[in-house]
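A short write-up of the structure that comes next.
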Amino acid sequence: MCMFNHGYQKLQYWIALATLSGLVQMMKEINQTKVSEFILQGLSDVPYLQLPLFLVFFLIYLASLVGNLLIVLLIWHDRHLHTPMYIFLCNLAGLDILYSSVTSPRILSDLFSKVKTIAASSCITQFFFFFSFICIELYLLAVMSYDRYIAICHPLHYIQIMHPNICAQMVSAAWVIGFLTSLIHTLCILRLSFCGPNVINSFFCDLPQLFLLSCTDTFINVFVVFLVGIIMGSGALSMTFVPYIRILRTIMGIDSRKGKLKAFSTCTSHLTVVFIFYGTLIFTYLRPNPTSTASEDRLVSIVYTVITPLLNPLIYSLRNKDLKAALRRILHSLGLKQFGTE
């Protein structure tokens, strides 16, 4: 009987301990209030810098919109530009319009906002579209690299290989794969809980900043980033750079100096955009130690969110004789002969 009482008391002790432990855990969960909105740090809180920064970024955004929209209209209007290369360039220009519009309006409005809050759902939505357009641009740059490879290395078979139906399928695949890649990361973000600090040390919602604010273990998310980056990114990376090995060999075999310069000219524009775009993305998403200073992160983010969409019209159109000729034809048809002549 004594042994029975002792065992019963021991059982009561363990029940009480388990109950107490459960209550403590429940209190912790109650105290951890889920974050419903985030606060963006923005570009600067210094009052005398807000107006100059607004003017600079507004002009950059406006130039990006006008330049890329002009490329889209020229290619759409002029039948001479209905070729694979310009179809890809038209998609890239339209993508840059969407790409810059995800972040730039918010940047401009936050420069004069005292409290830069954004709902958690809006933050994740912004990330989804922003990262989708990043992925789509990577695949479009890869498709454009393949197009240059066929044009330079197999010019006699270019029309047969780069058939309009094939081009449409390649562009569609780039958009679908881009959205699916972003969807994977977005679904992984939805499994995270945000219950602590809610200040995002940036001017928009991006993956590294969300990881830092999560009170859930982000090992799975980081693993997915590297896994998807290796699988999908290596495919886009190899498709972008491997063709240039053959392209360079072909160019070096051209006897005419003028022919070499023309081939190099069409490639350098594309490679300039590729190197800047890939360099900033690797620094942001695939660096081994993401504990850089806030100023470094913001500077790199500015390059690939604001500056890169501006590079497309500057690099491609200013050096492109076909686009200039198309612009002159449009101006001439509108009666602006003084602008439509050489």
Note down the relative contact order for the range 127-283 as a percent, whole number, built from C-alpha pairs under 8 angstrom at least six residues apart. 33 percent
Segment Thr216-Phe58, length gained on full extension (0.36 nm per residue, minus Cα span): 53.1 nm
Highest to lowest packing among 124-132, 149-157, scored as the average C-beta count within 10 Å: 124-132, 149-157
Can you bin the range 29-118 into rounded, prolate or oblate? Criterion: square roots of the alpha carbon gyration tensor eigenvalues sorted a ≥ b ≥ c, rounded for a/c under 1.5, prolate for a/b above b/c, oblate for the rest. oblate
For a quick protection proxy, order the peptides 228-235, 134-141 by their average other-Cβ count within 10 Å, most packed first. 134-141, 228-235
Considering the dipole of the range 105-257 built from charges on the beta carbon (Lys and Arg +1, Asp and Glu -1) around the Cα centre, which of Leu108, Ile159, Gly253 is farthest to its positive end? Gly253
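Every number in this text was worked out from the coordinates using simple rules, so none of it is lab data. Model, not experiment: these values are computed from the prediction. Note: ideal-geometry Cβ built from the backbone for every residue, glycine included; neighbour counts use all protein chains shown.
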